[in-house]
Amino acid sequence: MIQFRYLLLLFIIGMTAGGCSRPKVTLEFSLPTELHMAYTINYYNVTPRGGRYIETGVMIQQGKAKSVLPLADEAVISVAAAGKTIYIYAERGDKISLTGESADMFSWKIGGNKINDQWTKWRNDNDDILQSSESGKVNKAVEEYVKKNPDNPLSALLLLYNYNRRENNEGFLKLWAMLKGEAAKEKWITLSGRSDLYSGRPLTPLDTKKSHTFVLKTLANGADTIRTGKTPVTILFWRSNDQKRTEMIDSLRSLRKSHPDSAKYLIVDVCFDPDSINWAMPLIRDSLKGVVRAWMPLGETDSIARLLGVERTPMIIHIDTIVKEVKKK
């Protein structure tokens, strides 16, 4: 009986210890006491049983907050507010400190590991450029760092998260080809969820000789089923900060007027923004009718996006009834 109780006690202690050591990462904010702000947190948590996209928030009150997030291995976590975003590299068990003397996210010091120290210095050194949101200047700052540090993992992360590939795709590819050593490891691509860089090979195109069925998360119905093959389908993929988004939406509006019967011509727009608010708010302003308004927070890494070969936003894909090819603009 005593032995049984002893074994039971060991079991309980083991279970308690296991609960305390659950895979996680901790974010601790220490900012000016007058700062009261809500921030959105997004990342993809890869586990042995598959990945899970996580979107949550944290409320800074009197400059302080703490957020404990599940993290099985490693991730790049985005923290966003007021149209600005910073990125944090985190490994399982890390305690990440976010400190600063103002609400300027680009001036904050992010701790916890060597990569964050280096990323912090890069942001601080380029604060004015990041504040301007001029993609050409930001790209130039990334370029300078990559050329000086081609074997540093931060070079890969800067290209994946701070470089605007839509602004200069040729420049991106040239810089990507310069990476070597630790910076050239495939794990950085895996963390970013980019579907267009693996082994430098293009994605396998959609088999246009077959009918395909997709289920998309949508605003009106919660989910909608999209079928190709029987009717023409035009799909716009976008993010809220795309410079040509408005023009693209106007194009869908004109297309709907030319083909008013949605049963004979299907039109879909898909938002890649990880923040659901960034997806929903523009839809109210658009007042676009007769179009399936969908959300794909995993962006290019989503299985449907990979099947369709979506490499960037904005992108329009048209699939005809007699399907010969997938056309991209």
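The values are calculated or read from the model by the stated rules, or taken from the named source; none is laboratory data. Quick caveat, the model's predicted, so the values are computed rather than measured. For neighbour counting, all protein chains shown are included, and Cβ atoms are generated from backbone atoms with ideal geometry for every residue, glycine included. Quick note on the areas: whole protein, heavy atoms, side chains included, nothing else; ligands and nucleic acids left out. Shrake-Rupley method; radii C 1.70, N 1.55, O 1.52, S 1.80 Å.
Residue-wise test of (1) part of a strand (DSSP E or B); (2) at pLDDT 90 or above.
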{"residue": "Phe11", "(1), (2)": "no, no"}
{"residue": "Gly18", "(1), (2)": "no, no"}
{"residue": "Phe29", "(1), (2)": "yes, yes"}
{"residue": "Ala38", "(1), (2)": "yes, yes"}
{"residue": "Asn45", "(1), (2)": "yes, no"}
{"residue": "Val58", "(1), (2)": "yes, yes"}
{"residue": "Lys66", "(1), (2)": "yes, yes"}
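Considering each residue of the range 235-242 in turn, at least one proves to be open to solvent by 80 Å² or more (accessible area, probe 1.4 Å) and either modelled with pLDDT of 85 or more or of a type outside the set (Asp, Glu) (or both).
Restricted to the range 174-209, and to residues that are among the hydrophobic types (A, V, I, L, M, F, W, C) and modelled with pLDDT of 85 or more, which residue is nearest to Val76 (Cα to Cα)? Across the range 174-209, the extreme among qualifying residues is Trp188. Are any of the residues in the range 106-124 farther than 28 Å from Val58 by Cα, of a type in the set (A, V, I, L, M, F, W, C) and at pLDDT 95 or above? No, the conditions are met nowhere in the range 106-124.
Within the range 168-184, the residues that satisfy the criterion of being open to solvent by 20 Å² or more (accessible area, probe 1.4 Å) and assigned to a helix (DSSP H, G or I) are Asn169, Glu170, Leu173, Lys174, Trp176, Ala177, Met178, Gly181, Glu182, Ala184. Scanning the range 265-294 for residues that are open to solvent by 50 Å² or more (accessible area, probe 1.4 Å), in a helix (DSSP H, G or I) and without any contact (Cβ under 8 Å) to a residue 60 or more places away in the chain turns up Asn278, Met281, Ile284, Arg285.
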